[in-house]
Amino acid sequence: MQPGYKSLLLHALVVIGLFLLQFVLPEYHHLSVARIMLLAVFAMGFNLLFGYTGLLSLGHAMFFAAGMYGAGLSVYHFDWSVPLSFIFGVGCGAMLSFVVGLIALRTTGVAFMIVTLMFSQVAYLIIVYFTTYTRGDEGLVMPQAARSFILLGREFLLTDAATRYNLSLILLTITMVVVLLLVRGKFGRSLIAVRENEPRTRMLGYNTFAIKLRALTVSGTLSAGSGAAYALMFAYIGSSFATIQYSIDPLLYSLLGGAGTVLGPVLGTFLMFYLIDIASEYTTAYLLVAGVVLVMLVLFFPKGLLGTVRERWLRWLP
Amino acid sequence: MDFGPYLFLATLEGLVQAAVLCLTALGLSLVFGVMRVVNVAHGEFYMLGAVLAWWITGWFAGNPAIGFFAAIIIGPLLVGLIAYLCERFILRRVEYDPEATIVATIGILYILQQTTLLTFGPDARPVDTPFYFRVEFPWFGYSGYKLLVIGAAVLLLLLAWFVITRTRLGLIMRATQFDRETAQNFGISVDKVYATVFAVGAGFAAVAAVLIVPIQQAHYLMGGDPLLLSFIVVIIGGLGSIRGTLVAALLIGLSDGIISVFFSPTLAKMVSTMLVALVLVFRPQGLFGVRSRI
Amino acid sequence: MSLLSAKGLSKHYGGLKAVDEVDFELQKGEVRAIIGPNGAGKTTLVSLLCGRLEVTAGTITFEDHDITLTPAYQRARRGIAYTFQITSIYPRLSVRENVAIAAQNSLDHSSTVNQLVSNALQTAGISDLADEIAGALAYGHQRVLEVAMGLVMAPRLLILDEPTQGLSDSEINQFCELVRDVSRTATVLLIEHNMQVVMSLAERITVMDHGQILAEGSPQQIQNNPAVQAAYLGT
């Protein structure tokens, strides 16, 4: 795990590339890429737990939803400003992931997968149950007041495509930096140690429970950030975002792009989004593509794209 | 209707649900018990059972009884075959690695579900009951077919119990579950056992669906709820314990049915889902299971 | 000066007494070997000391602190390093990475992680293997890697569980050199079946049988002890 300017340069190039991309994209794709970038934040958050710590959570939709509903409900019902709601959404995610972690991390492997899946289901059911406040599946559209906000003296219009794009890019960049810093340092090494051989790691003086809890909390917080931003950016919250589908998506993106790499989830989100986008033009059964991709990946390509690149050619890729 | 009879009605409804749940969960329990893998696509095998039942009864348009009889024999066999293919070409290739299997079965879930959407369509389609008769209780009339479902489930469970505990096949399955390596050393073909168990597990789910489809309808998304409920049952009952699965299915089917009738289905699901998560954390062996390496 | 002292240590599994009311003491700086037939309870005793197993009864004191209830990872931070009987390393990571993970928790705060790693690799004699993937190494080298991971933590007590098992003669000699080196800065406790290694390294020997301590003393005393001969040494 060599830290170094090569990886910094690569990540910087990706950010710059995405920044420049907005000037050449046609309108439809402009919106899509903004969406993709937010979903990539979700995937990166998920991947911190899955790819680096080795814990497969099947319930990350609940963290995304915590951010989404934390932000969305406070805007809709309490008329809070956008920045405040965003922070609140992120806070909800942080709290939820911490509490879930305290309970769920007493299990590992398959049991952990099922426990997280179950908790996520409960979260979904709670959203549906309190349909008077959340309007369940129908969802809520964010009011006009939440379509803009003032920060540091400047007004930001969320109805403006460029504003949306760049705010998403900023969130993506922040997430990338956070993950990169975490993963390259001592903490990242301890995550990998827990993933590779937990009993050994314990005997080397690591409090593996605390490490896993920290990883889950950061992972959940980042996912919530994605959800909160999604709600505010696209002005809609709905219970469909809390279903199992949204727990499987980040897994799919991470596996495709390369779990255990920083940029893998980003690449995976881009590819999968467009694969499904194209497929849905031909058929309503576009999730079939997702199924086939999953099976192919698991059978032939378990390291994903960037994971294979790292193994074969670029050893220094974080 | 007074409370007493209303409760009785709710209980009967709960028993029907429990019966179907028992069969479905048994399939999942067998697979997890013997192969130690979690099959997320289990609900889709259930769904396929129902969809195939609609298709097969369609051949015998005039005669629902014969159609149903054909469906309940051919349907599960076909589903078992599909399951066998999945096991042979996908699960065996990833060597039953727990994480890879879950991801692979998620993929299989989508493939089965979406292919059904493409061929069967998005609508719910009804299937005729094989016969109509009503049982007249003092307070209400009740569908005789539903009572038959309960009876059929009990029969099948007894059959399963008999095979597992009294026959050589059952012994081989239990040996493989207990210690895979030792079973191999005794000449048991673990591959064949796994393939059989996986196919039989799927078959049970399919049978359950064929039984229930005249009461509900066949729909390409109908696998989701049974999957979740089966999970709940298997974990609370204790992974790998048949007895535990049955007891838990009874408890959960009944309570789900009763809470649904008196309160709301959402609340019922919430309670049972939360229960599962907590059981897994604090009492992972469930009610009857043996503390084993999950 | 006493480094570690265990009193009345017991570990019961249902009816089986794997370790039965053992009193055990280690002096600072000594090299102690535990020997005994299979099933004597050696690994169990040592697992109780390093925290891998919870005691059924008894107390353990390390450097004047009671560590009976202290979790294993904290004992490691206090300076008790343990190498597994069945090699437990990070097979998918490089040798350097393996040692680096251990080095992060080293009690030696005077150098950087990279320096600690280089020093440990050199002391253990596997510097040339630094970039190899650990899982691909020969078994003997993996054993040495494990010792290196223990070393780099600058432990006060290094526990080695059957370290020479599976090593060739020349590797065993190198290993003994390494242990002598280590014993200059740390107390060493090793479980061994290879009597030559025991005789050449150990300053004192503890003999276990059926969960209890049969005898304790210098190598000479143990060799001449009739009970030990009957139970274990055979020849």
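The values are calculated or read from the model by the stated rules, or taken from the named source; none is laboratory data. Note that the structure is predicted; figures quoted are calculated from it, not measured. A quick note on method: Cβ atoms are made from the backbone with ideal geometry, for glycine too, and the neighbour counts reach across all protein chains shown.
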If the requirement is being out of contact with any Pro (no Cβ under 9 Å at 6 or more places or on another chain) and either among the acidic types (Asp, Glu) or without any contact (Cβ under 8 Å) to a residue 60 or more places away in the chain (or both), which of these qualifies: B:Leu250, B:Leu267? B:Leu267
Given the options A:Leu18, A:Leu55, A:Leu13, name the one that is closer than 24 Å to C:Ser94 by Cβ and of a type in the set (A, V, I, L, M, F, W, C). A:Leu55
From B:Leu251, B:Leu287, grab the single residue that is surrounded by fewer than 20 Cβ atoms within 10 Å (Cβ to Cβ), at pLDDT 80 or above and more than 13 Å from chain A (Cβ to nearest Cβ). B:Leu251
Which condition breaks for B:Pro76 when tested against (1) surrounded by 19 or more Cβ atoms within 10 Å (Cβ to Cβ); (2) within 14 Å of chain A (Cβ to nearest Cβ)? (2)
With the condition kept exactly as written, say whether any residue in segment C:174-191 is in a loop (DSSP other than H, G, I, E, B) and either in contact with a helix residue (DSSP H, G or I) (Cβ under 6 Å, 6 or more places away or on another chain) or farther than 21 Å from C:Gln85 by Cβ (or both). yes
Please name all residue pairs, on different chains or six or more residues apart, with Cβ atoms under 7 Å, provided the first residue is in segment C:103-125 and is surrounded by fewer than 19 Cβ atoms within 10 Å (Cβ to Cβ) and the second residue is among the acidic types (Asp, Glu). C:Thr123/C:Asp181
Looking at C:Tyr82 and the list (1) farther than 30 Å from A:Trp316 by Cα; (2) surrounded by fewer than 16 Cβ atoms within 10 Å (Cβ to Cβ), which single condition is not satisfied? (2)
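Conditions tested, residue by residue: (1) crowded, with 23+ Cβ neighbours inside 10 Å; (2) within 14 Å of chain B (Cβ to nearest Cβ).
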| residue | (1), (2) |
| --- | --- |
| A:Ser32 | no, no |
| A:Ala43 | yes, no |
| A:Phe46 | yes, yes |
| A:Gly54 | no, yes |
| A:Phe64 | yes, no |
| A:Leu73 | no, no |
| A:Asp79 | no, no |
Report yes if some residue within segment A:208-215 is free of Cβ contacts under 8 Å to residues at least 12 places away in the same chain and either among the hydrophobic types (A, V, I, L, M, F, W, C) or more than 17 Å from A:Met62 (Cα to Cα) (or both); otherwise report no. yes
Name every residue in segment C:145-179 that is in contact (Cβ under 8 Å) with a residue 24 or more places away in the chain, surrounded by fewer than 20 Cβ atoms within 10 Å (Cβ to Cβ) and farther than 12 Å from C:Ala81 by Cβ, in order of residue number. C:Glu162, C:Gln165, C:Gly166, C:Ser168, C:Glu171, C:Ile172, C:Gln174, C:Cys176, C:Leu178
Just to be sure I understand, how many residues within segment B:264-279 are more than 16 Å from B:Leu227 (Cβ to Cβ) and either facing another protein chain (nearest Cβ under 7 Å) or of a type in the set (Val, Ile, Thr) (or both)? 6
Counting only residues that are modelled with pLDDT of 90 or more and of a type in the set (S, T, N, Q), which one in segment A:32-89 is nearest to A:Ala224 (Cα to Cα)? A:Ser85
Would you point out the residue of segment B:57-77, among those that are free of Cβ contacts under 8 Å to residues at least 40 places away in the same chain and farther than 10 Å from B:Pro130 by Cβ, that is farthest from the chain's Cα centre (by Cα)? B:Gly62
Considering segment B:81-100 alone, what residues qualify as being buried (at least 21 other Cβ atoms within 10 Å of the Cβ) and either within 26 Å of B:Ile215 (Cβ to Cβ) or within 19 Å of the chain's Cα centre (by Cα) (or both)? B:Ala83, B:Cys86, B:Glu87
In segment A:303-318, what residues are without any contact (Cβ under 8 Å) to a residue 40 or more places away in the chain and closer than 30 Å to B:Leu221 by Cβ? none
Going through segment A:304-316 in order, the residues found to be of a type in the set (Lys, Arg) and surrounded by fewer than 19 Cβ atoms within 10 Å (Cβ to Cβ) are A:Arg312, A:Arg315
Go through segment C:52-99 and report how many residues are in contact with a Phe, Trp or Tyr (Cβ under 8 Å, 6 or more places away or on another chain), without any contact (Cβ under 8 Å) to a residue 40 or more places away in the chain and at the interface with chain A (Cβ under 8 Å from one of its Cβ atoms). 3
Single residue of segment A:117-134 satisfying the filter (in contact (Cβ under 8 Å) with a residue 40 or more places away in the chain and not β-branched (Val, Ile, Thr)) that is surrounded by the fewest Cβ atoms within 10 Å (Cβ to Cβ): A:Tyr133
Could you list all residues from segment B:94-127 that are more than 7 Å from chain A (Cβ to nearest Cβ) and of a type in the set (S, T, N, Q)? B:Thr101, B:Thr105, B:Gln113, B:Thr116, B:Thr119
Every residue from segment A:292-315 that is under 26 Å from B:Asn39 (Cβ atoms) and aromatic (Phe, Trp, Tyr): A:Phe300, A:Phe301
Could you tell me which residue of segment A:81-106 is surrounded by the fewest Cβ atoms within 10 Å (Cβ to Cβ), considering only residues that are within 12 Å of chain B (Cβ to nearest Cβ) and outside any helix (DSSP H, G or I)? A:Arg106
